[in-house]
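Asks: One structure coming up, written as structure tokens, with questions to follow.
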Amino acid sequence: MPMNHRILRPLARPLLLDAVPGAAAAYSLRQLSNAYTGPVVTVRRSSDNAEADFKASEIDDGTLASFVGGGNDGLVKTWFDQSGNGRDASQATSANQPKIVSSGSLVTEGGKAALEFDGTNDFMRSDLVSTNQQYSTFFVYKHTALFGGTERILSLNGNLSATSAAEVAGQISSNNIVVLQDGVAVGSPAATLTIGQKYLLYFSVGIGSTPLNLFIDGQPTASSSTSTSPAGSGSLLNIFARGDGVANAGGLAQELIIYPFDQSANRQRTEGDIAWYY
């Protein structure tokens, strides 16, 4: 009997957001979902301020570096949300935009593209829409310099005021990080970082009496808290800044994924995917 031939199309490998869906916002320099095929960044070229969008593949294959050109910097104006919710992180002020290309060379960490925040005034901002929300946040972050003050690495559930948010922050004149609620450190002592080392931070902020928690490379830190910690007073997300856009930490960022619910059950699975790639 003749064989009944069929054309079989290979299934796409599940990506992180396919395997662990439901993100409120997702920023990365790799593709996170088979459903999202758009750009991951809008880049401004320093030589003439021309702008263009780039997909993850165009960062990896040299298209981005060719656009920026030798000797020029490429600054990120938009870091696109791959969750499908349209909550892009942006920075319209040229002086506050992080680098992705420095003097013609792609900024990398561990062979993967990264955004470089200068620790002076660079930051990006998004609106997570829902206020006073429970969030679980995964952040691939490289600690590049000694903290000079109480600088913010991440600020969630905040507004444009200085101290109304749940935050991951640097402790003054040290390599320590703490979790803050409305500008007050929650839990003690702080956790120590090493300059030049990359970390996977997991930061959870709850509603009402649910605590703030900070995990570093999969391990709960001493700055985790079991005390009550209200969730903040807004929907603002700032990356490397406080709610008012100052107290800027410096470092490299490669991926930031935010879920609007407790991710304890999926934390290790999500961390495993991120660690596998980075």
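Asks: Kindly list the number of the only condition in (1) at pLDDT 95 or above; (2) open to solvent by 90 Å² or more (accessible area, probe 1.4 Å) that fails for Asn4.
Replies: Every listed condition holds for Asn4 apart from (1).
Asks: Turning to a different aspect of this structure: Among the residues of the stretch 74-97, write down those that are assigned to a helix (DSSP H, G or I) and surrounded by 15 or more Cβ atoms within 10 Å (Cβ to Cβ).
Replies: Our first condition is that a residue be assigned to a helix (DSSP H, G or I); within the stretch 74-97, this holds for 94-96.
The one that is assigned to a helix (DSSP H, G or I) and surrounded by 15 or more Cβ atoms within 10 Å (Cβ to Cβ): Asn96.
Asks: Could you please give the count of residues in the stretch 30-44 that are open to solvent by 50 Å² or more (accessible area, probe 1.4 Å) and more than 20 Å from Leu16 (Cα to Cα)?
Replies: Step one: filter the stretch 30-44 for residues open to solvent by 50 Å² or more (accessible area, probe 1.4 Å), giving 31, 34-35, 37.
The next check asks that each one be more than 20 Å from Leu16 (Cα to Cα); those that pass are none.
Summing the residues that are open to solvent by 50 Å² or more (accessible area, probe 1.4 Å) and more than 20 Å from Leu16 (Cα to Cα) in the stretch 30-44 gives 0.
Asks: What are the pairs with Cβ atoms under 7 angstrom where one residue, in the stretch 252-273, is under 15 Å from Lys112 (Cβ atoms) and in a strand (DSSP E or B) and the other, located anywhere, is basic (Lys, Arg) and modelled with pLDDT of 90 or more? Sequence gap at least six, or different chains.
Replies: Here the result reads Leu252/Lys142; Gln254/Lys112, each pair linking the stretch 252-273 to a residue that is basic (Lys, Arg) and modelled with pLDDT of 90 or more.
Asks: Now for a separate question. Quickly run through the stretch 45-73 and pick out the residues that are open to solvent by 40 Å² or more (accessible area, probe 1.4 Å) and of a type in the set (Gly, Ala, Ser).
Replies: Ser46, Ser47, Ser57, Ser66, Gly70, Gly71 - these are the residues of the stretch 45-73 that are open to solvent by 40 Å² or more (accessible area, probe 1.4 Å) and of a type in the set (Gly, Ala, Ser).
Asks: So Ser103 clears everything in (1) loosely packed, with under 15 Cβ neighbours inside 10 Å; (2) at negative phi; (3) among the polar types (S, T, N, Q) except one condition, right? Which one?
Replies: It is condition (2) that Ser103 fails.
Asks: If we only count strands (runs of 3 or more DSSP E) wholly inside the stretch 156-215, which ones have 2 or more residues that are surrounded by 20 or more Cβ atoms within 10 Å (Cβ to Cβ) and among the aromatic types (Phe, Trp, Tyr)? Steps first, please.
Replies: Values: elements: 166-170, 176-181, 184-192, 197-205.
Once the strands (runs of 3 or more DSSP E) in the stretch 156-215 are filtered for at least 2 residues that are surrounded by 20 or more Cβ atoms within 10 Å (Cβ to Cβ) and among the aromatic types (Phe, Trp, Tyr), what remains is 197-205.
Asks: Please go through the stretch 123-141 and pick out each residue that is open to solvent by 10 Å² or more (accessible area, probe 1.4 Å) and assigned to a loop (DSSP other than H, G, I, E, B). Even if it seems obvious, please write down each step before you answer.
Replies: From the stretch 123-141, those open to solvent by 10 Å² or more (accessible area, probe 1.4 Å) are 123, 125, 127, 129-134; that's our starting set.
Passing the criteria: Phe123, Val129, Ser130, Thr131, Asn132, Gln133, Gln134.
Asks: Among (1) out of contact with any Phe, Trp or Tyr (no Cβ under 6 Å at 6 or more places or on another chain); (2) at pLDDT below 95; (3) closer than 20 Å to Glu255 by Cβ, where does Ala114 come up short?
Replies: Ala114 satisfies every listed condition except (2).
Asks: Any residue at all in the stretch 142-154 that is part of a strand (DSSP E or B), small (Gly, Ala, Ser) and farther than 21 Å from Arg267 by Cβ? Can you show your working first?
Replies: Looking only at the stretch 142-154, we keep the residues that are part of a strand (DSSP E or B), and these are 142-143, 147, 152-154.
Then keep just the ones that are small (Gly, Ala, Ser); that gives none.
Checked the stretch 142-154: no residue is part of a strand (DSSP E or B), small (Gly, Ala, Ser) and farther than 21 Å from Arg267 by Cβ.
The values are calculated or read from the model by the stated rules, or taken from the named source; none is laboratory data. Note that the structure is a prediction, hence the values are computed from the model and not measured. Backbone-built Cβ (ideal geometry, glycine too); neighbour counts: all protein chains shown. Quick note on the areas: whole protein, heavy atoms, side chains included, nothing else; ligands and nucleic acids left out. Shrake-Rupley method; radii C 1.70, N 1.55, O 1.52, S 1.80 Å.
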